[in-house]
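Data block below; observations after.
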Amino acid sequence: MSQSVSVESLFTPFHSGSLSLSNRTVMAPMTRGMSPDGVPGANVAAYYRRRAENGVGLIVTEGTIVDHPDASNQKDIPHIYGEEALNGWAHVVAEVHGAGGKIIPQIWHMGARGHVNDYTESEIRSIVDAFAQSAADAKRLGFDGLELHGAHGYLIDQFFWEKTNSRTDGYGGSLVARTRFAVEVIQACRQAVGPDFPIVLRLSQWKGSDYAAKLAQNPDELKQFLTPLLEAGVDLFHCSTRRFWEPEFEGSSLNFAGWTKKLTGKPTITVGSVGLDVEFTSLFTEGKGAGNTGIESLLEKLDRQEFDLVAVGRALLVDPAWVRKIQEGRTNELIPFSAEALQTLN
Ligand SMILES: Cc1cc2nc3c(=O)[nH]c(=O)nc-3n(C[C@H](O)[C@H](O)[C@H](O)COP(=O)(O)O)c2cc1C
């Protein structure tokens with residue numbers, strides 16, 4: 001089979017601070033809900049190990065829950081607190097490292113049961129402390145960094161968004177004022193892990209309840225929003241979009257990861273429908289142009305250094321060897337995503 005596009009730029013190493021990756025591919029965080037009572041078992045470790053064995057540069061785990069009563073609504077979503085869950089994660093880390101991979105946990109609080117307006121300052125303090133404790137444990141267990149889930153309408157994002165945060169104290173108000181909770185979480189995690197442990201922050205403009213939502217309407221607002229987060233100690237921004245090829249603002253083809261990199265000077269991860277478009281692979285198999293949704297456009301953006309890393313979700317959920325197959329041009333062997341894949345830890 002002939003391969004008409006070189007994927008070489010996806011397979012160059014990445015170095016930033018203490019994070020060194022063998023290539024530019026990232027497994028996007030995906031909740032699987034297969035950790036009974038919050039404890040990831042041998043099947044979870046084997047699932048992540050398979051991705052590491054097949055060349056994924058960096059694995060971001062499914063969202064893992066901090067120690068707070070509101071943090072989770074499902075008992076089989078893994079915790080990142082408590083001895084049993086932490087032992088489970090230690091095993092996951094050992095398996096991934098044993099296969100030559102790198103792995104960071106995504107640290108998650110799903111959000112206020114009622115409203116973030118209801119949290120008292122002391123409750124906010126206890127949640128910040130829970131994030132910091134999980135961060136410290138992530139480092140102790142040997143993870144290669146950590147990711148804070150600040151996207152998709154969950155707790156950190158509930159504080160960011162005006163529709164879910166109408167607090168009148170120091171945690172509410174302007175877009176910049178609404179970053180205060182995140183800033184405190186980032187600072188506390190930074191304090192807990194020291195200056196050299198990579199902290200990734202995942203952000204999205206879109207919300208689970210409103211795909212068209214935007215925290216920042218233009219680059220100026222985005223810069224105002226990102227600056228306090230950057231100053232609090234973020235090393236790398238993970239910019240969640242549903243389609244990587246969509247420009248974030250009018251007048252430029254840069255996507256959310258492109259703008260975030262430009263405005264912060266920090267490395268960014270792009271994500272959103274990589275490998276899901278049929279044309280993405282027809283480029284290889286039939287030598288056709290794939291328009292702006294295919295791998296050619298992704299690689300062009302990567303070559304222009306609009307972003308540094310490329311996260312892949314569903315394509316890697318269904319096919320543990322997705323990265324290896326792309327690298328070797330074995331695209332006729334790719335397994336297409338289907339909803340049934342969600343039922344098993346393949
Ligand atoms: C089953 C599933 C579970 C997900 N769970 C999470 C999660 O725990 N944390 C998160 O930030 N995003 C989560 N996402 C979003 C993905 O990380 C990713 O951003 C999204 O699937 C788009 O990438 P894709 O088009 O390559 O799948 C999930 C997506 C899927 C399909």
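Quick grid of which residues meet (1) more than 30 Å from Gln158 (Cα to Cα); (2) within 16 Å of the ligand (Cβ to nearest atom); (3) in a helix (DSSP H, G or I):
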| residue | (1), (2), (3) |
| --- | --- |
| Tyr48 | no, yes, yes |
| Arg51 | yes, yes, yes |
| Asn73 | no, yes, no |
| Asp76 | no, yes, no |
| Tyr81 | no, no, no |
| Leu86 | no, no, yes |
| Val93 | yes, no, yes |
| Val96 | yes, no, yes |
| Gly114 | no, no, no |
In region 232-254, which residue that is outside any loop (DSSP other than H, G, I, E, B) and small (Gly, Ala, Ser) is surrounded by the most Cβ atoms within 10 Å (Cβ to Cβ)?
Ser240
Filtered residues of region 1-55 (kept if touching a strand residue (DSSP E or B) at 6+ places or on another chain (Cβ under 9 Å) and small (Gly, Ala, Ser))
Ser16, Gly17, Ser20, Ser22, Ala28, Gly33, Ser35, Gly38, Ala52, Gly55
Within region 285-310, considering residues that are modelled with pLDDT of 80 or more and in contact with a Ser or Thr (Cβ under 7 Å, 6 or more places away or on another chain), the one farthest from Leu342 (Cα to Cα):
Asp303
With the checklist (1) part of a helix (DSSP H, G or I); (2) crowded, with 23+ Cβ neighbours inside 10 Å; (3) not small (Gly, Ala, Ser) in hand, flag the one item Pro105 doesn't pass.
(1)
Suppose we keep only residues that are of a type in the set (S, T, N, Q) and farther than 22 Å from Gln217 by Cβ within region 254-284. Which one would you say is modelled with the highest pLDDT?
Ser273
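Conditions tested, residue by residue: (1) away from the ligand (no atom under 11 Å from the Cβ); (2) in contact (Cβ under 8 Å) with a residue 12 or more places away in the chain.
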residue: His15; (1), (2): yes, no
residue: Ser18; (1), (2): yes, yes
residue: Ala28; (1), (2): no, yes
residue: Asp37; (1), (2): yes, yes
residue: Val56; (1), (2): yes, yes
residue: Gly63; (1), (2): no, yes
residue: Val66; (1), (2): yes, yes
Residue under question is Ile59, and the condition is that it be assigned to a strand (DSSP E or B), surrounded by 14 or more Cβ atoms within 10 Å (Cβ to Cβ) and of a type outside the set (Lys, Arg); does it hold?
yes
Per the filter on region 300-346, residues within 10 Å of Met27 (Cα to Cα), out of contact with any Lys or Arg (no Cβ under 7 Å at 6 or more places or on another chain) and not in a helix (DSSP H, G or I) are Ala311, Val312, Gly313
Can you tell which of Lys266, Lys261, Lys214 is farther than 29 Å from Gln191 by Cα, in contact with a strand residue (DSSP E or B) (Cβ under 9 Å, 6 or more places away or on another chain) and either away from the ligand (no atom under 16 Å from the Cβ) or without any contact (Cβ under 8 Å) to a residue 24 or more places away in the chain (or both)?
Lys214
In region 159-188, residue surrounded by the fewest Cβ atoms within 10 Å (Cβ to Cβ) [restricted to those that are of a type in the set (Val, Ile, Thr) and closer than 14 Å to Ala232 by Cβ]:
Val176
Kindly list, by first and then second residue, each pair from a residue in region 142-159 that is without any contact (Cβ under 8 Å) to a residue 40 or more places away in the chain and closer than 18 Å to Arg180 by Cα to a residue that is of a type in the set (D, E, K, R) and surrounded by fewer than 24 Cβ atoms within 10 Å (Cβ to Cβ), limited to pairs with Cβ atoms under 7 Å and residues at least 6 apart or on different chains.
none
Test Leu229 against the criterion of being at pLDDT below 95 and either more than 15 Å from the ligand (Cβ to nearest atom) or part of a helix (DSSP H, G or I) (or both), and give yes or no.
no
Considering each residue of region 118-153, count those that are part of a helix (DSSP H, G or I) and either under 18 Å from Arg51 (Cα atoms) or at pLDDT below 95 (or both), and give that number.
1
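The values are calculated or read from the model by the stated rules, or taken from the named source; none is laboratory data. Predicted model only: the values in this text are computed from it and were never measured. Glycine also receives a Cβ, built like all others from the backbone with ideal geometry; neighbour counts cover every protein chain displayed.
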